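Throughout, read-outs are computed from the coordinates displayed, never taken from laboratory work. These numbers come from a predicted model, not from an experiment. When we count neighbours, we look across all protein chains shown, and the Cβ atoms used for this are built from the backbone with ideal geometry, even at glycine.
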Amino acid sequence: MSNVPSIQDVDVAGKTVLVRADLNVPMDNGRVTDTVRIDRFAPTATFLADKGARVVIISHFGRPKGVRNPTLSLEPVAKALAKSLGREVGFAEDCVGEVAEKTVWAMKDGDIVMLENLRFHIDETENSDVFAQRMAVFSDIYVNDAFSCCHRAHASTYAITKHLPSYAGLSLKKELDALSSVLGDPERPIAALVGGAKVSSKITVLEALIPNMDAIIVGGGMANTFLLAQGHPIGASLAEPDFIDMANKIMATAKTHNCEIVLPVDLVVSAEFAANAQNETIPVGQDPGNGMILDVGAASIEDLTNRLSGLKTLLWNGPLGAFEMEPFGDGTFAVAKAAAELTKQGKLVTVAGGGDTVAALNQAGVSDDFTYISTAGGAFLEWLEGKELPGVAALTEQN
């Protein structure tokens with residue numbers, strides 16, 4: 001991904017720079033409740049403004065489906081961004097047309113303005129070339145700083161690049177560099193920890209990862225289907241019997257690529273799916289009866305932490321157990337802390353992504369210690385699957 005042009009290499013002084021951000025943030029009663037995406041985007045806005053650009057920020061918020069909805073206005077987000085930046089952020093009540101044009105043309109070098117929700121116009125999600133031209137008319141340069149939106153070919157991520165010189169913003173470039181460090185030319189040995197409830201939702205991910213990994217650690221409900229495929233009893237645990245053949249196929253494919261499939265060696269089981277439910281740890285192979293597998297046991301934790309010490313790179317997507325309920329997050333948290341400690345020591349590169357993964361790492365208190373954590377959902381998964389991301393491809397196609 002080194003061929004993706006960066007805005008850091010461009011003289012932006014006196015230029016109007018249209019910046020696509022993903023500021024689709026959690027909000028409650030008009031107040032932003034989680035500023036992670038805002039804080040990650042802030043360095044790009046600051047960099048451009050400090051270089052003398054006129055910074056025009058565009059983003060979507062919610063799913064208004066082409067209908068103007070006051071509850072989905074970006075104005076509160078503009079105020080939250082201003083607080084994060086420590087500088088004024090103007091706001092325009094539309095993203096195209098006379099209102100937007102007058103606001104932008106009144107800007108001075110170093111000013112920052114946010115335009116209203118892109119998705120108040122149905123043309124945005126339809127990748128309308130005309131809509132893109134209406135934004136390009138008041139802009140000199142386009143910057144994509146929204147990796148989490150790059151898996152969609154929308155007007156603000158794809159069509160716009162046909163009309164303006166286009167570059168990656170700071171956070172997008174950082175994300176691409178982090179992902180390249182895992183699947184581009186990673187330090188080996190490299191392993192992927194892939195968890196989650198269902199094998200069916202991660203088949204393409206597993207198939208894409210096998211040729212690139214030395215090992216794949218399978219966790220969560222997914223692991224139950226693999227154990228079932230190996231003939232182990234899993235009691236009342238979540239599994240997909242219809243995907244046993246697929247699990248066997250994945251294990252056979254991994255063998256041909258010298259990629260080890262790592263499964264739990266012991267299991268924490270409970271008859272009740274509830275926090276603090278009575279539970280016991282049993283070895284793989286022992287029948288849990290009516291019990292459900294809700295986490296990996298101490299022997300699995302020891303096995304995995306030992307394996308981590310022999311790795312140079314770790315990709316993490318998905319939990320090892322039902323981490324949302326005590327004490328069934330012990331496996332996920334223990335392995336996360338071990339990975340974080342090795343990262344702090346400079347012995348391991350750790351890249352993680354996916355909604356449940358981010359939540360689990362936050363709960364474990366290690367988010368700041370991983371090399372990189374992606375907040376993207378669909379884009380991160382599609383990248384893992386080896387799919388081309390239109391928003392990224394567009395940046396290379398036009399240069």
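If you stretched the chain out fully between Asn258 and Asp28, how much longer would it get, using 0.36 nm times the residue separation minus the C-alpha to C-alpha distance? Walk me through the intermediate numbers first.
Details: separation 230, 0.36 × 230 = 82.80 nm, distance 4.92 nm.
Stretched out fully, the Asn258 to Asp28 stretch lengthens by 77.9 nm.
Separation of the alpha carbons by more than 20 angstrom is noted, of Lys202/Lys312; Lys202/Lys387; Lys255/Lys337; Lys51/Lys102; Lys15/Lys51, for Lys202/Lys312; Lys255/Lys337; Lys51/Lys102. Over the chain, Cα pairs under 8 Å with separation of 6+ residues give a relative contact order of 16 percent.
Each part reduced to its alpha carbon centroid, the stretch 306-344 and the stretch 122-186 end up 33 Å apart. Here's the picture: charge each Lys and Arg Cβ at +1 and each Asp and Glu Cβ at -1 in the chain, and of Leu381, Val32, Ala360 the one pushed furthest to the positive end of that dipole is Val32.
Of all beta bridges that DSSP places with both ends in the stretch 186-365, some 35 percent have antiparallel geometry. Label positions at Lys344 and Glu272, each projected 7 Å from the Cα along the C-beta direction, are separated by 3.6 nm.
Annotation for the stretch 282-346: GluC sites (Glu not before Pro) lying in DSSP loop with at most 15 further Cβ atoms inside 10 Å of their Cβ are Glu324. Note on the stretch 186-365: percent of Cα-Cα distances in each 10 Å bin, starting at 0 and stopping at the bin with the largest distance, equals 10, 41, 38, 11, 0.
Taking the highest mean first, how do the peptides 54-64, 366-376, 38-48 order by number of other beta carbon atoms within 10 angstrom per residue?
On the way: 54-64: 23.5, 366-376: 18.8, 38-48: 20.7.
Result, highest mean first: 54-64, 38-48, 366-376.
How much length would be gained if the chain were fully extended between Gln8 and Glu98, taking 0.36 nm per residue of separation minus their Cα-Cα distance, in nm to one decimal? Display every interim value, and only then the final one.
Values: separation 90, 0.36 × 90 = 32.40 nm, distance 3.07 nm.
Residue separation times 0.36 nm, minus the Cα-Cα distance, leaves 29.3 nm.
Remark: relative contact order (the stretch 186-365) = 24 percent; criterion is Cα-Cα distance under 8 angstrom and separation of 6 or more residues.
Note: relative contact order over the stretch 260-399, using C-alpha pairs below 8 Å and six or more positions apart, is 18 percent. Bridging of Lys249 to aspartates and glutamates at a Cα separation below 18 Å is possible for Glu207, Asp214, Glu240, Glu260, Glu385, once same-chain residues fewer than 8 apart are set aside.
Counting only DSSP H runs of at least 4 residues, each contributing -39500 (n - 2.57), and dividing by the residue count of the chain, the helix-based mean residue ellipticity at 222 nm comes to -10500 deg cm²/dmol. Taking the longest Cα principal axis of the chain as reference, the axis of helix 220-229 is set at about 40 degrees.
Each Lys or Arg adds one and each Asp or Glu takes one away; over the other residues whose Cβ falls under 13 Å from the Cβ of Pro189, this sums to +1. If R0 is taken as 25 Å, the Cβ-Cβ distance between Thr71 and Val36 corresponds to a FRET efficiency of 0.70.
For P(r) over Cα pairs in 20 Å bins from 0, in percent, which listed value, (i) 26, 57, 17, 0; (ii) 27, 49, 23, 1; (iii) 25, 45, 23, 7, 0, comes from the coordinates shown? Here the calculated entry is (ii). For the pair Gln133 and Ser201, label points projected 7 Å from Cα toward Cβ lie 4.2 nm apart. So, R0 is 35 Å and r is the distance between the beta-carbons of Lys79 and Asn306; what FRET efficiency does that work out to, to 0.05? For R0 = 35 Å, the calculated efficiency reads 0.10. Put simply, the amide H of Val349, placed in the peptide plane, has neighbours under 5 Å in Thr313, Leu314, leaving out anything fewer than 5 places away on its chain. Hand me the GluC sites (Glu not before Pro) from the stretch 60-167 located in a DSSP loop with no more than 16 other Cβ atoms within 10 Å, in residue order please. Passing sites in the stretch 60-167 are Glu88, Glu93, Glu126. Backbone amide hydrogens, once placed in the peptide plane, bring Gly90 within less than 5 Å of Ile112, Val113, Met114, excluding anything fewer than 5 places away on its chain.
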